[in-house]
Structures are given as structure tokens and as C-alpha cells.
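*Asks:* Quick one: the structure is below, questions incoming.
Every read-out reported here was derived from the displayed coordinates using simple, explicitly stated rules and does not represent laboratory data. Keep in mind the model is a prediction, meaning the values are calculated, not measured. FYI the Cβ positions are ideal-geometry reconstructions off the backbone, even for glycines, and counts take in every protein chain you see.
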Amino acid sequence: MTRGEDPAVGSATALVVTTPAGLEREARGELRRVLPGAAARPLFLKGNVLVLTDLSESEALARLAAADTQFVARVAAVQRKAQITADPGCFAEIAAAAADVGRLRPGNTFLVRCKRRGRHEWASRELEREVARALEKLTGGVGEYESEVDWLVTVQIYQEVAYVGVNRPADMLHRTPTRQRKYAPGKRPLNRAQWKIREALEAFQIEVPAGAKVLDLGSAPGGWALVLAELAEEVVAVDRAELDASAVARPNIRHLRCRAEDLLGREEFDEHFDLLTCDVNLDPSEAGAIMCRMAGMLKPGAPAIMTVKYTTRRRRQHEQRAREILSAEYEDIRVRRLPHNARETTAVMRRRAAAPPSK
């Protein structure tokens with residue numbers, strides 16, 4: 001267990017609050033008005049705020065429940081902070097942190113729920129199961145109940161840090177914000193995405209011949225596909241989510257509602273495409289790995305475009321790691337920040353015409 005850079009976690013009241021993405025500053029101001037004297041700072045990912053207050057948990061939660069808030073969505077009290085590693089051995093530290101809160105007693109029922117942000121070598125469900133087992137041994141409680149539990153153990157992960165809370169289910173605050181960002185998730189206009197792919201094609205001088213076939217990964221809502229469909233003969237748009245109606249209406253956009261990996265083994269796509277594009281919302285290492293698995297569908301020497309999205313502040317490391325992974329199947333890898341990139345850059349490369357030289 002550690003309290004790290006948040007010394008108040010474990011010694012005062014700490015709350016993890018989710019808000020509409022893009023309205024964190026307004027939410028922090030609202031939280032400080034409801035909880036005078038509180039410190040509210042954004043966590044790294046949008047829509048997440050950590051609040052530290054000298055009020056008791058019950059008083060802070062009661063004030064938030066009674067307040068006419070506009071930006072608050074979910075509130076969970078957290079009592080401990082634990083470090084996250086790639087090794088599932090960190091599950092024991094999380095369980096120890098939850099047990100150290102001192103609320104779980106022999107015979108108490110509890111449910112472990114994990115909300116994970118970032119890239120890890122294990123799944124949320126795996127953490128929930130192993131932490132529950134460890135907590136049973138540490139506290140004598142009974143875990144893995146699905147309803148009517150005495151306690152809810154929440155593990156909120158932000159890449160390398162976990163905020164751990166042990167709370168009564170009734171103390172978990174859920175409400176619908178009355179103020180939202182201008183566009184709800186999935187309803188953002190396609191313009192920025194369209195500008196981004198146009199900028200990439202121009203900046204890296206990539207020509208899309210009239211008869212070209214393009215594979216677009218992470219296509220929804222379809223901004224890239226729309227631009228590419230203006231240039232190419234066919235765009236295969238891959239995404240489990242729906243495309244915007246404007247993309248669906250294009251006769252040369254073929255939407256496959258599946259994961260990119262589901263296309264592997266389909267002979268019709270072997271070395272079929274003249275351009276591969278990828279704007280999936282994943283850690284750059286994961287996106288790069290997908291690009292490598294899909295490389296066999298791209299004609300040798302053909303170009304590919306991938307968005308390098310930053311999931312932590314270590315931007316150089318993200319780019320370097322993406323280059324390392326992509327170099328297994330691609331060459332001439334160039335990374336550049338474009339005017340319409342947000343927390344990301346754009347990488348352009350070409351599929352290797354031959355196997356990479358041995359080291």
C-alpha cells in the first residue's frame with residue numbers, strides 16, 4: 001500500500017468523481033463550491049477528477065447528494081492508493097490496501113468491481129476475481145456476491161495507480177449531469193476526423209489512386225472512411241460500432257461490424273489493399289500490434305497511417321514503443337504532429353517488401 005503523491009488518501013476524505021469529458025474545469029469549480037476548502041484536481045484521463053477534503057466521508061457525500069450539481073456524474077469515496085504493475089502480483093497489494101481500510105469483517109459479503117483505464121497485461125475480471133479471493137483470506141468476508149452485498153470494493157485504475165474504496169452500495173453516488181459537452185459520445189461531427197486524415201495524406205504526400213482499395217480500422221463514426229471513399233474505389237470500414245448515416249450511404253464504403261483480428265485468415269483480403277489506416281482508441285503498443293497482425297492484407301510496399309494516441313504523459317516513450325513494434329512489419333516510419341491532432345500524433349509507414357534484416 002502506498003499514499004504516494006496524494007498524501008491525503010487514507011488520512012482524509014478522497015473522492016474520485018467522473019464528469020462529462022471536456023468539462024473538468026467547470027466540474028472542479030462546482031465541487032469546490034459544494035465542498036468548501038476542498039482541493040480538486042484532474043486525473044490524467046478526461047472526465048475524471050480527484051477531490052480531497054477535510055470533511056468526513058458521510059458529510060461530503062451528503063452535501064454532494066443534496067446539491068443541485070450540473071457536472072457531477074459518479075462519486076466514489078476511496079480510502080487507499082496502490083501501485084499497478086504489469087505483473088498480476090500487484091493484485092495482492094490491492095487486496096491488502098482494501099483490507100487495511102478496516103471495514104470488511106468476518107461474514108460480511110462484498111463485491112469487487114474494477115474500472116480500468118490504460119493498458120495492462122491482465123483483464124479487469126481477472127483482477128476482480130483474484131482480489132476477492134485474497135480479501136476472503138485476509139478479512140474472513142465472503143466475496144463474489146452479485147447483489148445485496150454489505151460492501152462494494154471499487155478499484156479505479158489510471159494506468160499505474162489504483163484508487164481503492166470500500167463503501168456501502170448506498171453510498172455510491174450516481175446522477176445524470178444536466179450539463180454535457182457540446183456533443184455526446186459518438187455524436188461528434190465528423191469534421192475533425194476528416195481534417196486529420198486529409199492533413200495526413202497531404203503532409204506525408206500519400207496518393208490514393210482512383211482504383212485503390214483501403215482498409216480502415218477503428219472506423220466509427222466514419223470520418224476517415226468518408227474522405228477515403230472520395231478518393232478510392234472501395235473502403236472496407238472495420239468497427240463494431242455503427243457508422244454515421246453519411247458513411248453508410250456511400251456505396252463504396254463496406255462496413256464490417258467486427259474486430260480487426262476477425263479478418264485474419266480471410267483469403268479474400270490477402271495483400272488486397274493499397275492503403276491501411278488505423279484510428280483505433282487504444283494504447284499505441286496495442287494499436288501497433290494490430291497493425292502488424294493486419295500487415296499481410298496490405299500490398300508489399302503500400303503505405304499505412306496510424307494515429308499514435310497518448311494514454312499517459314510519457315509521449316516520447318509511446319512513440320518509441322510504437323516504432324519498435326511497427327518496425328517488425330513496416331519501414332520508412334515517420335511520426336508527425338498535425339494541426340488537428342489532439343492528444344496524439346500521426347505515424348505513416350510502408351509495409352516491408354521483404355523480411356527485415358536480422359540483427
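*Asks:* 222 nm [θ] for the chain, helices only, -39500 (n - 2.57) per DSSP H run of 4+, per residue, to 500?
*Replies:* Result for the chain, helices only: -8000 deg cm²/dmol.
*Asks:* Place a +1 charge on the Cβ of each Lys and Arg in the stretch 262-359 and a -1 charge on the Cβ of each Asp and Glu, then give the dipole magnitude about the Cα centre in debye, rounded to the nearest 20.
*Replies:* Once rounded to the nearest 20, the dipole reads 760 debye.
*Asks:* Also: What FRET efficiency, computed as 1/(1 + (r/R0)^6) with R0 = 51 Å and r the Cβ-Cβ distance, is obtained for A86 and R334, rounded to the nearest 0.05?
*Replies:* 0.95
*Asks:* In whole percent, what relative contact order does the stretch 13-174 give with Cα contacts below 8 Å and a gap of six or more residues?
*Replies:* Worked out over the stretch 13-174, it gives 25 percent.
*Asks:* How high is the relative contact order of the stretch 285-336, in percent, counting Cα pairs under 8 Å that sit 6 or more residues apart?
*Replies:* Relative contact order for the stretch 285-336 comes out at 53 percent.
*Asks:* How many angstrom separate the Cα center of the stretch 277-351 from the Cα center of the stretch 32-78?
*Replies:* Here the answer is 37 Å between Cα centres.
*Asks:* Per-residue counts of other Cβ atoms within 10 Å, averaged by peptide: what ranking do you get for 267-274, 193-200, highest first?
*Replies:* 193-200, 267-274
*Asks:* Mean separation of Cα pairs under 8 Å and 6+ residues apart, divided by the residue count of the chain: what relative contact order is that in percent?
*Replies:* Here the relative contact order equals 12 percent.
*Asks:* Along Cα→Cβ, 7 Å out, is where each label goes; now give me the distance between the ones at A203 and L256 in nm to one decimal.
*Replies:* Simple spin-label model gives 2.8 nm for this pair.
*Asks:* Now, a different point. Starting from the Cα of K46, step 7 Å along the direction of its Cβ; do the same at R117; then give the gap between the two resulting points in nm.
*Replies:* 1.2 nm
*Asks:* Lys pairs in the chain, Cα-Cα under 27 Å, at least 8 apart or on separate chains: how many?
*Replies:* For the chain, qualifying lysine pairs total 24.
*Asks:* Let me ask something else. Tell me the label-point distance for the pair R266, R313, using the 7 Å Cα-to-Cβ offset, in nm and rounded to one decimal.
*Replies:* Each label point is offset 7 Å from its Cα along the Cβ direction, giving 4.2 nm.
*Asks:* Using a Förster distance of 41 Å, how high is the FRET efficiency between S285 and A66, based on the Cβ-Cβ distance and rounded to 0.05?
*Replies:* 0.40
*Asks:* Oh, and also: Order these peptides, 279-287, 91-99, 321-329, 244-252, by their mean beta-carbon neighbour count within 10 angstrom, highest first.
*Replies:* 91-99, 279-287, 321-329, 244-252
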